[in-house]
Amino acid sequence: MTKTLRVELGENSYPIVVGAGLLNRVGELLTPLMKSDKVLIVSDAFVKARYMPVVQRNLTDAGFDVNAVEIPVGEVSKSLAEFSRIQDSLVAHQLDRGSTLIALGGGVVGDLGGFSAAVYMRGISYIQIPTTLQAQVDASVGGKTAINHPKGKNLIGAFHQPKLVIIDVDTLKTLPQRDIRAGLIEVIKMGVIRDEPLFEMVEEHLESILNAETTTLIEMIASACLNKAEIVAKDEKESGLRMVLNYGHTFGHALEALTDYNRYRHGEAVSIGMNCAAQLAVNLGVFSETDFQRQRALLKRAKLPLTFPDDLTPEAICDAMYLDKKTLGGKLRLILPTRIGEVVIRDDVNDHQVLEAISQCF
């Protein structure tokens, strides 16, 4: 079973293919899109050992000139140093404007690889082959590429749409449970912000999802990607509607920065951020206690964290939130739920209210 959908962006439109066994079809899927036979694959050590051989062999058999560069595992790779190393590899292998970069891996690989493609020769084509659930349902779709600054996550980046996203759900079968659970937060988030039936799907089929049941994964991932594709099609550069995708992320990004990006998975930090944003919405009287507890119950069932660590303070978290990209004119712009399936963008919440909600989440 394979599902194909499109992100409609005029001349920047592209397909998302979701199915099983797709790594064995990479050459076939890429061939119609290619202007040159030169390809550079960016991957990390974990993914390289598992999936690079089949992808590289498939591309070579299809007639491509394939080279690869390996980056360290984890958020630490989203740095100027690793970005520079990829640029060196692009130059060394003489990729030109018709060449293609393939990001094979999780969200870190996709963000770094996409940003590298965005600026090399003022932009070359790239393909996303996400191998984690978080990347498959969120990071690989929409063209947001970036690296981190020590003071904040994703502060250096560009919008650069891929030519194709290939989502092979078989890659999730070797993923640690912690990463499956962390990636699931982006699906739950999508359910809260705009798709209650998707939220209900996760509630009903959580065990099948965590057990990586193929049919359930394809249906869920395709639904999550369709939601994101619709949002991106309406607001490619995050000037309005697309900001709703940041539900839980302002709190979560602050937490990641304060813990040096190495204590939490991105999805774990977002889970805590969603819990805090929902608590703030309850305090402001815009979100019901019933829906708040429904969200909490699902996050708990998925064994995702809900509280900030004791070694941080509410003040430090609030201060770090102001370094987030979503601030405007010195004001925090927060995504707050009004019910399961709907959120609002608020820029009128004061620091006292934010601090109170953070304090309730320790």
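The values are calculated or read from the model by the stated rules, or taken from the named source; none is laboratory data. The structure presented is a predicted model; accordingly, all values stated were derived computationally and were not measured. Cβ sites come from the backbone with ideal geometry, for glycine too, and all protein chains shown count toward neighbours.
Key figures
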| item | result |
| --- | --- |
| Some residue of the range 140-153 being modelled with pLDDT under 95, assigned to a helix (DSSP H, G or I) and not hydroxyl-bearing (S, T, Y) | no |
| Residue list for the range 7-23, restricted to those being in a helix (DSSP H, G or I) and more than 15 Å from Q128 (Cα to Cα) | G10, E11 |
| Residue in the range 176-204 that is nearest to the chain's Cα centre (by Cα), counting only those that are surrounded by fewer than 17 Cβ atoms within 10 Å (Cβ to Cβ) and not acidic (D, E) | R178 |
| Entirely in the range 36-125, the helices (runs of 4 or more DSSP H) that have 3 or more residues that are surrounded by fewer than 20 Cβ atoms within 10 Å (Cβ to Cβ) | 45-61, 80-92 |
| Selected residue [outside the structural domain of A117 (by TED's automatic domain parsing), under 26 Å from N275 (Cα atoms), at pLDDT below 95 and among the small types (G, A, S)] from A182, A222, A233, A229 | A229 |
| Residue in the range 323-330 that is modelled with pLDDT of 95 or more, at negative phi and in contact with a strand residue (DSSP E or B) (Cβ under 6 Å, 6 or more places away or on another chain) present | no |
| Q161 being under 16 Å from S43 (Cβ atoms), buried (at least 21 other Cβ atoms within 10 Å of the Cβ) and not small (G, A, S) | no |
| Criterion violated by F287 - all others in (1) buried (at least 22 other Cβ atoms within 10 Å of the Cβ); (2) part of a helix (DSSP H, G or I); (3) touching a Leu at 6+ places or on another chain (Cβ under 9 Å) satisfied | (2) |
